[in-house]
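J.: Mind having a look at this structure? Questions to follow.
The values are calculated or read from the model by the stated rules, or taken from the named source; none is laboratory data. This structure is a prediction, so every number in the text was calculated from the model and none was measured. Neighbour counts are summed over all protein chains in view; Cβ atoms, including those assigned to glycine, are modelled from backbone coordinates with ideal geometry. With ligands, DNA and RNA removed, areas are computed over all heavy atoms of the protein, side chains included. Shrake-Rupley method; radii C 1.70, N 1.55, O 1.52, S 1.80 Å.
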Amino acid sequence: MAVTLRDIARKLDISHVTVSLVLNDRRDVTISEETRERVLDMAKKMGYRPNHAARALAMGRTQMIALWMPSPAKLYYGKVFDTLYALTRAVGYETVFCLADYDDSSRKPYDWPVDGIIAVDTYELVGKFELPRGIPVVTIGAHADSRSDSVTVDIYGGAQLATEHLIGVGCKRIAHVTTERPLAERKGRNAAFRASMKAAGLKPEIIVCQPGKPAHVRDAVVEYISKYGLPNGLFCYSDDFAFAAMRAMVDLGFKPGVDACVVGFDNVLEAEISVPSLTSISQPVEEMCRIGMHFLFNRIREPNLARQVSSIGMKLVARESTLAGKVSLV
């Protein structure tokens, strides 16, 4: 049988209201630290587990935040998920994960009883729906939804940094390794790549890969190099793509960072320990997530706030994949 607040109160010979105030961490009521410790200790000993449904009914809130985002199996989104999850738990909330599925948009994060939604790089999906009334939404990532609070990162500026770095180390033939969908973005990686190449008087090359598995990227890069030769610079859509592109080079007998420079995008933890270590554009994940959660809880507390907007820049972290040795520039 489940342990109740009254069970704990009887054991300690105190009011069940006091037990409730302690377990809900109410600091606006004067309760001695000794009493708080006694309650928490007894609750642990008795195996008390909070009734979230009852708490939601009493407080008018579910204490749940929906994370609507692409699969955390991708290195970058795994980092975003871990950061958002930690921030949510730190303020006493739990998370509901909802996959941003572009092939099946029937499932929506507000199908669940949640107090708010963080939508990560789901701008196309968000745009398809009428935002739920009474449930705050904050969009974070590459694009903002004008109907909601938002935190955007400067993808275009990051891609410029990547391309200009390759040009700066002397690369003359530079290919952008990407998928088909981002090619249409007016302010995304591809647009910045083309603009930077045009400004330098260089011809842009594009290696289009099938989305999904890293093997698809490797195969596309192998096919391109076999047909057109090895460019001396590769700007990759993500670090995942960069790792696959470097494997393609190795499979063909080339040395990444020596025979061609490679730049990734996202600066995931694995970029530091790959061989060679990967030069990458660092996305400000911690700052983006922290501001996004701050905006969301502001909106939960004060629904009529003016729209909250923030934009964050990026930086390039140079490593061995562009600095390892002398790259052939012919």
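J.: Among the residues of the range 90-130, how many are crowded, with 16+ Cβ neighbours inside 10 Å and part of a loop (DSSP other than H, G, I, E, B)?
T.: 7
J.: Take the range 236-253 and flag every residue that is surrounded by 15 or more Cβ atoms within 10 Å (Cβ to Cβ) and either out of contact with any Lys or Arg (no Cβ under 8 Å at 6 or more places or on another chain) or more than 23 Å from D266 (Cβ to Cβ) (or both).
T.: Taking the range 236-253 first, the residues surrounded by 15 or more Cβ atoms within 10 Å (Cβ to Cβ) are 236-249.
Across the range 236-253, the qualifying residues are C236, D239, F241, A242, F243, M246.
J.: Same structure, new question: Specify which of the listed residues (G292, G264, G257) is more than 28 Å from T152 (Cβ to Cβ), touching a residue at least 12 places away in the same chain (Cβ under 8 Å) and open to solvent by less than 10 Å² (accessible area, probe 1.4 Å). Give the derivation first.
T.: Values: G292 fails: more than 28 Å from T152 (Cβ to Cβ); G264 fails: more than 28 Å from T152 (Cβ to Cβ).
Testing whether each residue is more than 28 Å from T152 (Cβ to Cβ), touching a residue at least 12 places away in the same chain (Cβ under 8 Å) and open to solvent by less than 10 Å² (accessible area, probe 1.4 Å) leaves just G257.
J.: Condition first: under 24 Å from the mean Cα position of the chain (by Cα) and among the small types (G, A, S). Now tell me which residues in the range 204-221 satisfy that.
T.: Across the range 204-221, the qualifying residues are G212, A215.
J.: Taking K172 as meeting all but one of (1) surrounded by fewer than 21 Cβ atoms within 10 Å (Cβ to Cβ); (2) assigned to a helix (DSSP H, G or I); (3) touching a Gly at 6+ places or on another chain (Cβ under 9 Å), write down the number of the exception.
T.: (2)
J.: Moving on to the next point. Give the residue, chosen from R299, R307, that is assigned to a loop (DSSP other than H, G, I, E, B) and either touching a strand residue (DSSP E or B) at 6+ places or on another chain (Cβ under 7 Å) or surrounded by 19 or more Cβ atoms within 10 Å (Cβ to Cβ) (or both). Step through it out loud before you land on a result.
T.: Working: R299 fails: assigned to a loop (DSSP other than H, G, I, E, B).
Matching residue, one of R299, R307: R307.
J.: Kindly provide the set of residues from the range 245-260 that are part of a strand (DSSP E or B) and more than 13 Å from Y224 (Cβ to Cβ), ordered by number. Quick ask: steps written out before the conclusion?
T.: The initial filter retains those residues of the range 245-260 that are part of a strand (DSSP E or B), namely 256, 260.
Scanning the range 245-260 gives a single hit, P256.
J.: Which condition number does G157 fail, the rest of (1) of a type outside the set (S, T, N, Q); (2) surrounded by fewer than 20 Cβ atoms within 10 Å (Cβ to Cβ); (3) outside any helix (DSSP H, G or I) being met?
T.: Single failed check for G157: (3).
J.: Let me ask you something else. Could you please give the count of residues in the range 5-53 that are touching a residue at least 12 places away in the same chain (Cβ under 8 Å), open to solvent by less than 100 Å² (accessible area, probe 1.4 Å) and in a loop (DSSP other than H, G, I, E, B)?
T.: The number of residues fulfilling the criteria is 9.
J.: So E270 ticks every box in (1) assigned to a helix (DSSP H, G or I); (2) open to solvent by less than 30 Å² (accessible area, probe 1.4 Å) but one. Which box is left unticked?
T.: (2)
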